[in-house]
């Protein structure tokens, strides 16, 4: 069978047998009844969705819709995953039992129950557990693992997914997200775990192995955030903030107050943690409309800056005045370039290092070069950004200053070995304040950077081909690039190409074999890869244009963006999609 040929589909009898086996091992009456009703109804389509496959444990842990079955997030999945992780730690990490595990959770509807179940399993396996008994931001949990020297940390969160989702995120060595081969080893340990009902549990409320994370950890986190960013004296700014019904509000307000931002306004309708996300269709600040309430409040108070976190507070979004009474939403690339410039300008590191995901703007490299910093690109995902940072710190004596990805992820210094929307929010507010002290704005600084380094624009183009036939089409499209590459795209010469499916042994581990091809163009680059989670082919195009003093940047940007769009369309046509 080829890699792209679909596996044989289980028939109804087999699906019902799988469902009955799952029901027998499920400790939760609610999900047992839910799955039993599907068996009784003979609902083949829904059973196929629920038990035809299982959630796959990978470098991001687990994420899925909450419900009954192997392909859903539920107490049974949490139990088996936690026991598998515990067995892996006990077998591979010295002193794992004593170092233990840190557990945290966000404000989603099932998160606390799932977290308590994970704590009960870890303690039942003999591991010490320190946990946050109330909802907390993901970066704080990762930080707690670092300062408590725990063997691992688990966060029950689905980040910015819709309300019906939940997830299980794992941090391990170096208090960073797991990377291969640890993910496969943990997945194998989970697979070897027996039925959920047979897994030993300990009552978190009575066990000597379980304790809350000390309150001092929060104070240490805020102190380290302050030490990691440049000092930015200047006038007080009017700031508007939204946590999008998530868990970032309390710590962001504390951090902003300690940084001297007193005129701070939180969107009232989105201030409290609420896993239903009642005011937004999709709680992702990148989504159209997600920041509308924040922008509306910004107009009312004449804010200098609008900032937002996603619900677990590991991403940062920002908007700035547009000069016409409205607000301009900054892209993740723009935030990344601005913070790269700001943090390198304020760094006293002898050998500064900045890291970005490979699909982020190449302008980042130009900004880094201006300060004599080393810029490194990695595969998509903060697990790779942090892995590269740790390796280059050890091997080359580099000092990690900043990392980012275009999907609104930022990490300021080494406080948290993952993206941290809280630290990034305070750093970005500091950037705005330092500019205000000189009579300039964030938009002014962005324009200055474009005029110094050239105007970079970024365009993403996605092609959806649903179903197994669609996946085969995408695979055929990518296969064409094994033997043929275009000579030019929209007037841009293809100067060279890199096929990341081959040659991994000649690249660092954070650029391992990956289904992606990159093209160097006359004035930029293009990348093409299948989505890892959806039946889509994704094309990323970044183009650079020189800027003359008399040029209007908005008009020049539109011109470049139109050309980038054509590059993407011609590349899609070249591969037959």
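Since every read-out is calculated from the coordinates, none of them should be taken as a lab result. Treat the numbers as computed from the prediction; the structure is a model and nothing was measured. FYI the Cβ positions are ideal-geometry reconstructions off the backbone, even for glycines, and counts take in every protein chain you see.
General remarks:
- Burial order of peptide ranges 410-423, 328-341 (average beta-carbon count within 10 Å, highest first): 410-423, 328-341
- For the pair residue 565 and residue 13, label points projected 7 Å from Cα toward Cβ lie 5.6 nm apart.
- The spread of Cα positions in region 332-452, taken along each principal axis and listed from longest to shortest, comes to 41, 27, 25 Å.
- DSSP beta bridge pairing in the chain, given as percent antiparallel to the nearest 5: 65
- Across the chain, the mean sequence separation of Cα contacts (distance under 8 Å, 6 or more residues apart), normalised by length, yields a relative contact order of 11 percent.
- Region 332-452: relative contact order in percent, alpha carbon pairs under 8 Å with at least 6 residues between: 26
- For the pair region 306-356 and region 156-181, the centres of their Cα atoms are 23 angstrom apart.
- Note on region 269-299 and region 507-562: Cα centroid distance 29 Å, given to the nearest whole angstrom.
- Its Cα gyration tensor gives region 219-329 an equivalent ellipsoid; the semi-axes, largest first and in whole Å, are 22, 19, 11.
- Descending Cα extents along the principal axes, region 1-132, whole Å: 47, 38, 26
- Of the beta bridges in region 59-214, as assigned by DSSP with both residues counted there, near 45 percent are antiparallel.
- Short to long, the 10 Å bins of the Cα pair-distance histogram for region 156-309 hold 9, 24, 31, 23, 10, 3, 0 percent of all pairs.
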